[in-house]
Amino acid sequence: MQIAVLKERRAGETRVAASPDTVKKFVGLGAKVTVETGAGAASAFADKVFEEAGATIAPSAAAAAGAADMVFKIQKPMMAAEGADEVGYLKAGSILVAHLNALTEKPLMQALAAKGVTSFALELMPRISRAQAMDILSSQSNLAGYKAVVDAAATFGKAMPMMMTAAGTVAPARVLIFGAGVAGLQAIATAKRMGAVVYATDVRYATKEQVESLGGKFIVVDEEKMKAAQTAGGYAKEMDDDFKKKQAEAVHAEVLKADIVITTALIPGRAAPKLVTAEMVAGMKNGSVIVDLAAEAGGNVDGTVKDQVVTTANGVTILGHTNMAARLGRDASSLFARNILNFVTPMLEKGTAALKINWDDELVKGTLVTKDGAVVHPSLAG
Ligand code: NAI
């Protein structure tokens, strides 16, 4: 079993799909691991530490992937028109494991199928307890939620905690968080640790207790509808217009009082819901800060500009970074790499690392996108 780890080439990406720790583990299982030179440079893993962990360093992506039975990446591979023919480097019959954005990248999935690659899209990991340790959305969202608060605090021209000094009292910052999923809960915990007063809202009523257990105050919109807002998979459903109106009314006053607003609300497969309107932003205090973690999916905030920091006429700064986890490259890489290790280990025979994939396994079936020359995922096939 020859595993290759490629360097990420997309703009703004700092992560790498292996860490010295996971290289050691794969080598221990009997695999050979090749890392493309410089793959870990942006997340502070030098070639040397991968070598010390047992990897061989390859001079190029073509050299690393061309010899590999299994390739690990963070982001979807590039096609030739994007500047590097990463799909072309993959060997027919090899396995690709990455965040593929499979459901929105059909041409790429077809190209992988045509190349004879078996691909696993980690973002499609079923949300069952056995899969928690393999869930890249969860591991990366955790870091994103933390970093959103740190970025907001760094941008905010006032202090987060209350301070009683001889020269007077500094009031604590008031933080409002939309969406109390993985990122939102981590943001609540981080803001609380910094001493802020934290409010949060979500459409799923189940999050109320979680918010309160972290010391946040939960804003209830419509208890009945919120109790029905969760899918079997734990995700939010799109809400009706009546709910959206009530939600806007319920949060409007809170947005105006907030010093920092962090939005994390997502609905899988759809554009992010617009929760903070231009009118709300225009009414916010001079110097307040918004971090829109949903920027990639169109944003929760009117005025978010993807990958940019903008300041409105009334002095509100909106941060629209799309790849927040990449702003904490080293930890994000380590956790992503661990997710891959946990997913791939059951596929390998201990000692020889020979492939023994259980195609009937729910996690294999849920993430498998291309196999035997075809796009096979139920959401994409046909
Ligand atoms: P997400 O990233 O899809 O959404 C973030 C949050 O936004 C969610 O809490 C969602 O309810 C909320 N939201 C959506 N529309 C909204 C609106 N209009 N207004 C306010 N909030 C809105 O979700 P995430 O964070 O990835 O996870 C959701 C759930 O899945 C969590 O309960 C988590 O515990 C569970 N989960 C389970 C896993 C497993 O069992 N393997 C792994 C990861 C998460």
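In terms of modelled amide H atoms, which long-range or inter-chain residues lie less than 5 Å from the amide H of Val71?
Correct list: Ala4, Ile95, Leu96, Val97.
Over the chain, with a Gaussian network built from C-alpha contacts below 10 Å, which listed residue (Phe343, Phe243, Phe120) shows the highest mean-square fluctuation?
Maximum among the listed residues: Phe243.
When ligands, DNA and RNA are left out and all protein chains stay put, how many square angstrom of accessible area per residue does region 188-256 have with a 1.4 Å probe?
Ligands and nucleic acids excluded, the figure is 50 Å² per residue.
Near the amide H of Ser288, under 5 Å away, which other amide H atoms are found, from residues 5 or more places off or on another chain, if H is placed in the peptide plane?
Under 5 Å from the amide H of Ser288 lie the amide H atoms of Thr317, each far enough along the sequence or on another chain.
First check a/c for region 326-382, with a ≥ b ≥ c the square roots of the eigenvalues of its C-alpha gyration tensor; if it is under 1.5, answer rounded, and if not, answer prolate when a/b is larger than b/c or oblate otherwise.
oblate
Could you work out the equivalent-ellipsoid semi-axes for region 278-347, taking the square root of 5 times each eigenvalue of the Cα gyration tensor, largest first, in whole Å?
35, 11, 8
Report the relative contact order of region 194-259, percent, no decimals, based on alpha-carbon pairs under 8 angstrom and at least 6 residues apart.
So the answer I get is 28 percent.
Counting DSSP beta bridges in the chain, what percent are antiparallel, to the nearest 5?
25
Run the simple label-point estimate for Lys48 and Trp359 please: 7 Å along Cα→C-beta, distance reported in nm.
A separation of 4.7 nm, rounded to one decimal place.
Quick one: Karplus J couplings for region 330-347, per residue in order, coefficients 6.51, -1.76, 1.60, θ = phi - 60°, nearest Hz, x for Gly and Pro?
Values, residue by residue: 5, 5, 4, 5, 4, 6, 4, 4, 5, 4, 5, 4, 5, 6, 7, 3, x, 7 Hz.
If Lys and Arg each add +1 and Asp and Glu each add -1, what is the summed charge of the other residues whose beta carbon sits under 12 Å from the beta carbon of Ala180?
Neighbourhood net charge equals 0.
With θ taken as phi - 60° and the coefficients 6.51, -1.76 and 1.60, list the Karplus ³J(HN,Hα) couplings across region 119-136 in order, rounded to whole Hz; mark glycine and proline as x.
Coupling constants for region 119-136: 10, 10, 9, 5, 5, 9, 4, x, 9, 10, 4, 4, 8, 4, 6, 10, 8, 5 Hz.
Measuring with a 1.4 Å probe in the full set of protein chains, what accessible area per residue, in whole Å², belongs to region 27-88?
Value for region 27-88: 38 Å² per residue.
Name the residues whose placed amide hydrogens come within less than 5 Å of the amide hydrogen of Val33, ignoring near sequence neighbours (fewer than 5 apart) on the same chain.
Amide H to amide H, under 5 Å and 5 or more residues apart or across chains, Val33 pairs with Ile3, Thr56.
For the chain, modelled as a Gaussian network with Cα springs under 10 Å, which listed residue fluctuates most, Gly88, Gly184, Gly329?
Result: Gly88 has the largest fluctuation of those listed.
Note down the magnitude of the dipole of the chain about its Cα centre, charges +1 on Lys and Arg C-beta and -1 on Asp and Glu C-beta and zero elsewhere, to the nearest 20 debye.
Roughly 460 debye for the chain.
Please report, as a whole percent, how much of the solvent-accessible surface of the chain comes from carbon and sulfur atoms (probe radius 1.4 Å).
54
With runs of 4+ DSSP H residues as the only contributors, calculate the mean residue ellipticity of the chain at 222 nm using -39,500 (n - 2.57) per run, divided by the residue total and rounded to the nearest 500.
-9500 deg cm²/dmol
With the contact rule set at Cα under 8 Å and sequence spacing of 6 or more, what percent relative contact order holds for region 98-173?
17
With both partners inside region 117-201, how many of the DSSP beta bridges are antiparallel, as a percent to the nearest 5?
Antiparallel bridges: around 40 percent, rounded to the nearest 5.
Choose one answer from Glu362, Glu249, Glu224: the residue with the largest mean-square fluctuation in a GNM of the chain with alpha-carbon springs under 10 Å.
Highest fluctuation of the listed residues: Glu224.
Provide Ser94, Ser334 ordered by accessible surface of protein heavy atoms (probe 1.4 Å), highest first.
So the residues, ranked largest to smallest area, are Ser334, Ser94.
Go ahead and run the numbers for FRET between Thr169 and Arg127, Cβ-Cβ distance against an R0 of 25 Å, rounding to 0.05.
0.05
Once Rh is set to the Kirkwood radius over Cα pairs, what Stokes-Einstein translational diffusion coefficient, in µm²/s, holds for the chain at a temperature of 25 °C and a viscosity of 0.890 mPa s?
111
Between Ala81, Ser141, Ile95, whose Cα lies farthest towards the positive end of the dipole of region 78-154 when Lys and Arg beta carbons carry +1 and Asp and Glu beta carbons carry -1, centred on the Cα centre?
Ile95
In units of 2.2 N^0.38 Å, what is the alpha-carbon radius of gyration of region 147-265?
Rounded to two decimals, the normalised Rg is 1.12.
Taking 8 Å as the Cα distance limit and 6 or more residues as the minimum spacing, I'd like the relative contact order of region 47-134 as a percentage.
The normalised contact order for region 47-134 reaches 23 percent.
Where does the charge balance sit around Lys246 when Lys and Arg score +1, Asp and Glu -1, over other residues with C-beta under 12 Å from its C-beta?
-4
Return the percentage of antiparallel bridges among DSSP beta bridges fully within region 259-382, rounded to the nearest 5 %.
Among the beta bridges of region 259-382, antiparallel pairing accounts for roughly 45 percent.
Ranked by accessible surface with a 1.4 Å probe, highest first, in what order do Glu51, Glu254, Glu279, Glu36 come?
I get Glu279, Glu51, Glu254, Glu36, largest accessible area first.
The values are calculated or read from the model by the stated rules, or taken from the named source; none is laboratory data. Remember, it's a predicted structure, so these values are computed and weren't measured experimentally. Cβ atoms come from the backbone with ideal geometry, glycine included; neighbour counts cover every protein chain shown. SASA here: full protein model, heavy atoms, side chains in, ligands and nucleic acids out. Shrake-Rupley method; radii C 1.70, N 1.55, O 1.52, S 1.80 Å.
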